[in-house]
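**Student:** Dropping the structure in here first, questions after.
Since every read-out is calculated from the coordinates, none of them should be taken as a lab result. All of these numbers come straight from a predicted model, not from anything done at the bench. Glycine gets a Cβ as well: all are built from the backbone with ideal geometry, and neighbour counts include every protein chain shown.
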Amino acid sequence: MSDAFLREIAESPLEADVSRRLGQVVAGSLSQGLEVLLDRDQPLESLAVGRYVTIHAGGRIFFGMITDIALDSAHIAFEKNPPDLTQPFMREVHLGASVFGRIHVAPMLVLDVQGPGAYLPQPVKTIPRHYAPVTVATPEEVGYVFGQEGVAQDAEGREAHYFFIGRPLDMEHVQITLNLNRFVERSSAVFGKSGTGKTFLSRLLLAGIIRNHVAVNLIFDMHNEYGWEGTAEHVSKVKGLKQIFPGRVAIFTLDEESSLRRGSNPDATVQIGFEHIEPEDVEMLAGVMDLSDVQVGAMYAMYRRLGRHWLQHFLDDHWLEQNYGGYDEETGKKINAMKAFAAEMGQPQSTLAALRRRLERFTRFGFIVAHPVDDSITRILEYLQAGRHVVLEFGRYGNDLQAYLLVANFLTRRIHDRYVKATEKAFGDESQKPRPLVITIEEAHKFLEPGIASKTIFGTIARELRKYNVTLFIVDQRPSGIDDEVMSQIGTRVTLALDNEEDIRAVFMGVSGGQELRQVLARLDSKEQALILGHAVPMPVVVQVRRYDLAFYRQMGYVEGEDLHRQADDIRALLGAGRKKRYDS
Amino acid sequence: MLGRILRSSTTRFTFGRTARGEDMPAFGDLVKAEQGGITLLGLVYEIAIADDPFVRQIVAASDTMAAERVEDMRQRRQVPVEVTALTIAFRQADRWVYGLPPRPPTALQPIWPCDCEEVRDVLADFAFFRRVLTCDACPAEELLAASVLRGAECQPPGQARPYLVRAGRTLARLLSHDPAQLDAILRRLAPVAEAYS
């Protein structure tokens with residue numbers, strides 16, 4: 001942060017702000033925000049919601065965001081019966097005096113004096129006095145609040161990795177940074193309607209997490225956009241995380257054929273054994289599979305009776321026939337195996353028949369096999385604990401919501417379970433704790449909708465905060481479909497444009513002053529503009545998200561072409577092979 | 001000298017004068033009087049010409065009268081022209097105070113016109129607007145418009161229009177509760193302001 005800025009504040013804050021003055025505070029409250037009367041010469045047309053203003057009062061600097069812009073008049077008659085403004089004199093007199101502009105400012109943060117030249121960003125607990133001058137925030141002021149990209153200490157003295165996520169509106173030279181440590185500390189979310197760039201923004205954030213080593217990622221990549229290659233608006237293809245961070249990102253796949261066809265070069269294929277699937281894994285699919293409560297109950301009943309082979313046996317005609325079929329010894333008639341099985345299980349035959357028809361769908365999923373060649377859970381955990389990030393591609397199964405929900409729930413339940421055990425084992429010993437894990441899920445409302453959120457592992461993780469070092473990174477287009485309790489636990493919300501009123505309301509669930517920000521969110525550009533609020537930023541901010549392009553790859557450490565050769569040469573030289581010729585020369 | 005005080009109070013004063021001479025004050029003019037070392041300033045808001053027995057007789061006696069005789073009767077009236085001014089400020093200890101003086105001018109005190117420099121100096125501050133607007137006995141809109149136009153006349157070259165705009169904005173603030181009255185005054189100022197453009 002520039003010393004010049006602090007010096008300017010210390011010396012003469014008001015004088016320094018004259019040229020940037022917008023108006024003065026005339027009313028307001030801490031809970032409802034501030035009303036600012038614009039000075040006569042301020043053109044309303046050049047203002048925009050989402051911009052920052054500063055208010056110097058009482059030796060402090062209040063930071064606020066413009067959340068609404070309004071036209072006002074000194075008397076209702078000026079609206080009902082407008083004065084004749086054909087003469088320039090009348091315009092000069094009335095505009096700004098009889099009729100005027102007003103902005104609504106939500107106070108977000110205050111720079112408190114800590115000593116000579118030392119200012120500490122604090123939450124706002126009071127408001128500036130009447131008629132305090134309001135000025136446009138300078139790039140230096142905004143930069144001071146958000147800090148520079150890199151590693152620094154946060155306000156609480158902890159190490160923090162700040163990641164450049166975008167630029168504030170109309171401030172091309174200012175970087176808005178996220179505190180990644182805080183971003184992964186609690187569950188976070190990217191919301192936005194379809195086509196606004198959720199995946200692109202999520203890739204950026206995940207790249208930041210990988211680059212800064214703040215956590216390991218497990219990404220359930222529904223549409224194969226994160227691992228090797230993705231699509232984007234401005235170019236036909238963009239690099240996936242594995243291309244940018246080779247050696248640090250592993251691609252697991254449920255559909256090896258699809259992954260190979262796309263050239264994503266998977267590290268491992270995930271298989272799930274029938275015997276590993278438990279009723280809890282299927283229960284959360286009740287909505288998408290149209291399972292009734294009775295059918296869910298029947299699954300548990302079978303599990304109690306048959307143990308871990310319940311599903312395999314239940315779907316196996318041969319097993320049913322062998323164990324429950326045959327011929328009645330007395331009558332000689334053929335025994336209905338399903339009927340006998342239902343009787344044994346204490347369930348109505350019709351219930352089990354309907355359940356079987358639904359569960360038979362699993363047999364068409366190529367990744368569910370009778371005898372998996374590898375323990376995928378252990379394999380994924382090994383990668384994660386080695387600090388490698390895992391992208392699980394779904395291949396053609398990405399279009400099948402049942403497959404996505406089943407696998408995500410199946411893997412997450414078990415990985416979370418291992419994390420819980422590892423964390424409890426390491427109780428009190430920070431060095432023994434497992435690496436912080438961030439699990440990325442798309443279509444999150446399917447996991448977290450009211451009614452099932454309390455039963456799924458994802459609802460549990462969201463509510464636990466960082467207790468077991470596992471947090472969620474939710475990517476979703478329908479925040480209103482997510483359970484309120486879960487929403488209130490989401491630490492950082494990065495929100496792209498949303499249209500639906502309910503979705504907008506949901507984003508601000510549990511956010512102090514959220515109502516004031518609704519106007520800001522409702523007016524985001526439909527592409528690559530995001531409102532970030534919550535745990536990882538000192539105050540809500542609207543950003544033009546940075547580009548995901550070659551410059552970004554390079555900043556993340558990606559090398560290619562000549563640079564790669566040069567790096568290889570350097571390494572050879574370091575290893576004593578410097579005199580060897582380059583392969584391409 | 002414009003005339004002498006006939007009667008006065010702290011809020012206004014009336015002076016009498018002959019109808020002769022070129023220096024007859026006009027509606028909205030700024031005039032001054034001295035009282036005990038204090039200079040009082042007033043805005044002329046009423047100029048009254050009363051009748052007398054001679055005028056009555058002449059008017060009643062004949063429809064046709066020589067022009068010289070009419071002019072003679074006008075000039076040599078037995079009753080003075082009465083001019084009333086609203087007190088808006090007084091000067092005390094070298095500064096203008098926009099309010100009412102401690103005492104009114106006494107009878108027969110002379111009344112003087114204010115020159116342009118004084119007009120510019122006194123009317124630069126629009127604090128007198130409220131005094132005029134709250135005067136029940138005055139035609140407030142007309143008086144304000146006339147006084148502001150008088151103030152504009154006395155501005156240096158190029159400053160008359162900005163002065164009128166400043167005055168207009170002040171009025172807009174003061175009369176925000178009464179857009180009709182505001183409009184009436186601004187309509188008086190606007191043509192003059194545009195002429196200064």
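**Student:** What's the average, rounded to a whole number, of partner chain beta-carbon atoms within 10 Å of each residue's beta-carbon in A:87-100? Don't skip to the answer; put the middle values down first.
**Tutor:** Values: counts 7, 6, 13, 8, 1, 8, 14, 7, 2, 2, 9, 11, 1, 0.
Shielding by partners across A:87-100 averages 6.
**Student:** Tell me, how many Å apart are the Cα centres for region A:428-504 and for region B:150-165?
**Tutor:** 68
**Student:** A further question on this structure: Between residue A:340 and residue A:421, take the C-beta separation as r, use R0 = 30 Å, and let me know the FRET efficiency to the nearest 0.05.
**Tutor:** Working: r = 40 Å, r/R0 = 1.35.
It comes out at approximately 0.15.
**Student:** Looking at region A:364-460, which trypsin sites (Lys or Arg not before Pro) are in a loop (DSSP not H, G, I, E or B) and have at most 16 other Cβ atoms within 10 Å?
**Tutor:** Of the trypsin sites (Lys or Arg not before Pro), the ones in loops of region A:364-460 whose Cβ has at most 16 other Cβ atoms within 10 Å are A:455.
**Student:** Let me ask another. Mind jotting down the distance between the C-alpha centroids of region B:64-141 and region A:152-174, whole Å?
**Tutor:** So the two Cα centres are separated by 68 Å.
**Student:** According to a simple spin-label model (label point 7 Å from Cα along Cα-to-Cβ), what is the distance in nm between residue B:166 and residue A:300?
**Tutor:** 8.4
**Student:** A further question follows. Can you give the % of DSSP beta bridges in the protein assembly as shown that are antiparallel, to the nearest 5? Don't skip to the answer; put the middle values down first.
**Tutor:** Values: 96 of 129 bridges.
Restricted to the protein assembly as shown, the bridges split so that about 75 percent are antiparallel.
**Student:** Return the long-range amide H neighbours of residue A:28 (sequence gap of 5 or more, or a different chain), with a cut-off of under 5 Å between placed amide H atoms.
**Tutor:** A:35
**Student:** Collect residues whose amide H, placed 1.01 Å from N in the peptide plane, falls under 5 Å from the amide H of residue A:187; neighbours closer than 5 in sequence don't count.
**Tutor:** A:472, A:491
**Student:** May I ask you to evaluate 6.51 cos²θ - 1.76 cosθ + 1.60, the Karplus curve with θ = phi - 60°, for each residue of region A:458-463 and list the ³J(HN,Hα) values in order in whole Hz, giving x for glycine and proline?
**Tutor:** 5, x, 4, 4, 4, 6
**Student:** Run the quick spin-label model on residue B:180 and residue A:515: label points 7 Å from Cα toward the beta carbon, then report their separation in nm to one decimal.
**Tutor:** Modelled inter-label distance: 3.8 nm.
**Student:** Also: Give a residue-ordered list of calculated ³J(HN,Hα) values for region A:162-175 (Karplus: 6.51 cos²θ - 1.76 cosθ + 1.60, θ = phi - 60°; whole Hz; x for Gly, Pro).
**Tutor:** Rounded to whole hertz, the list is 9, 10, 5, 9, x, 10, x, 4, 6, 10, 5, 9, 9, 9.
**Student:** Which of B:170, B:134, B:106 moves most in a GNM of chain B, Cα contacts under 10 Å?
**Tutor:** Comparing B:170, B:134, B:106 in the GNM, the peak value goes to B:134.
**Student:** A follow-up question, please. Summarise the partner chain shielding of B:187-194 as one whole number: the mean count of Cβ atoms from other chains within 10 Å of each residue's Cβ. Show your work: numbers first, answer last.
**Tutor:** Values: counts 4, 0, 3, 7, 2, 1, 6, 4.
That works out to 3 on average.
**Student:** With both partners inside region A:53-154, how many of the DSSP beta bridges are antiparallel, as a percent to the nearest 5?
**Tutor:** Of the beta bridges lying entirely in region A:53-154, close to 95 percent run antiparallel.
**Student:** I'd like the Karplus ³J(HN,Hα) series for region B:64-80: coefficients 6.51, -1.76, 1.60, θ = phi - 60°, whole numbers in Hz, and an x wherever there's a Gly or Pro.
**Tutor:** With the stated coefficients, region B:64-80 comes to 10, 8, 5, 4, 4, 5, 4, 5, 4, 5, 5, 6, 10, 5, 8, 10, x Hz.
**Student:** If the convex hull of the alpha-carbon atoms of region A:410-552 is projected onto planes in all directions, what is the mean projected area in square nanometres?
**Tutor:** Values: hull surface 41.5 nm².
Average projection, Cα convex hull of region A:410-552: 10.4 nm².
**Student:** For residue B:77, what residues show an amide H to amide H distance below 5 Å, using hydrogens built from the backbone and excluding near sequence neighbours?
**Tutor:** HN-HN under 5 Å from residue B:77: B:19.
**Student:** Principal axes first, then extents: for the Cα atoms of region A:3-146, list largest minus smallest coordinate on each axis, whole Å, largest first.
**Tutor:** Largest to smallest, the principal-axis extents are 54, 30, 23 Å.
**Student:** Excluding residue A:158 itself, what net charge comes from residues whose Cβ is under 15 Å from its Cβ, given Lys and Arg +1 and Asp and Glu -1?
**Tutor:** Numbers: positive: A:182, A:186, A:466; negative: A:154, A:156, A:159, A:185, A:430.
Counting the neighbours of residue A:158, the net charge comes to -2.
**Student:** Past 31 Å, Cα to Cα, is the threshold; run A:80/A:527; A:239/A:421; A:455/A:527; A:193/A:433; A:242/A:433 against it and keep the listed order.
**Tutor:** Values: A:80/A:527 39 Å; A:239/A:421 36 Å; A:455/A:527 35 Å; A:193/A:433 37 Å; A:242/A:433 26 Å.
Long pairs (Cα-Cα over 31 Å): A:80/A:527; A:239/A:421; A:455/A:527; A:193/A:433.
**Student:** What range in chain B is the longest one free of trypsin sites (Lys or Arg not before Pro) that are in a loop by DSSP and have at most 13 other Cβ atoms within 10 angstrom? Don't jump to the answer; show the numbers that get you there.
**Tutor:** On the way: sites that count: B:20, B:76.
Longest stretch, sites excluded: B:77-197.
**Student:** Provide the gained length on full extension for the span residue A:333 to residue A:72, in nm with one decimal, where the gain is 0.36 nm per separating residue minus the Cα-Cα distance. Mind dumping the intermediate values first?
**Tutor:** Numbers: separation 261, 0.36 × 261 = 93.96 nm, distance 8.94 nm.
Result for the pair: 85.0 nm of gain on full extension.
**Student:** Considering only the other residues whose Cβ falls under 11 Å of the Cβ of residue A:384, what net charge follows from Lys and Arg at +1 and Asp and Glu at -1? All intermediate terms of the calculation are to be shown ahead of the outcome.
**Tutor:** Details: positive: A:379, A:388, A:418, A:435; negative: A:382.
Overall, the nearby charge balance is +3.
**Student:** What percent antiparallel are the DSSP beta bridges of region A:430-545, to the nearest 5? Walk me through the numbers on the way to the answer.
**Tutor:** Details: 8 of 14 bridges.
Approximately 55 percent, going by the DSSP bridge assignments.
**Student:** What number, in percent, do you get for the relative contact order of chain B if the mean sequence gap of Cα pairs under 8 Å and at least 6 apart is divided by its residue count? Numbers along the way, then the final one.
**Tutor:** Working: 325 pairs, mean separation 49.2, N = 197.
That works out to 25 percent.
**Student:** At q = 0.21 Å⁻¹, what base-10 log of I(q)/I(0) does the Debye formula yield for region B:127-197 when every alpha carbon is treated as an equal point scatterer in vacuo?
**Tutor:** Each listed q maps to, in turn, -0.85.
**Student:** Now for a different question. Could you check the simple spin-label distance between residue B:95 and residue A:527, using points 7 Å along Cα→Cβ, in nm with one decimal?
**Tutor:** 6.3
**Student:** If the viscosity is 0.890 mPa s and the temperature 25 °C, what Stokes-Einstein diffusion coefficient in µm²/s follows for the protein assembly as shown when Rh is the Kirkwood radius over Cα pairs?
**Tutor:** Working: Rh = 33.6 Å.
It diffuses with D of about 73 µm²/s by this estimate.
**Student:** Quick one: net charge of residue A:371's neighbours, Cβ under 14 Å, K/R +1, D/E -1? Before the final figure, lay out the partial values.
**Tutor:** On the way: positive: A:308; negative: A:275, A:316, A:374, A:375.
Local charge sum for residue A:371: -3.
**Student:** Here's something else I'd like to know. Taking the 0 to 90 degree range and rounding to the nearest ten, how far is the long axis of helix A:293-306 tilted relative to the main principal axis of chain A, both from C-alpha atoms?
**Tutor:** Tilt relative to chain A: about 50 degrees.
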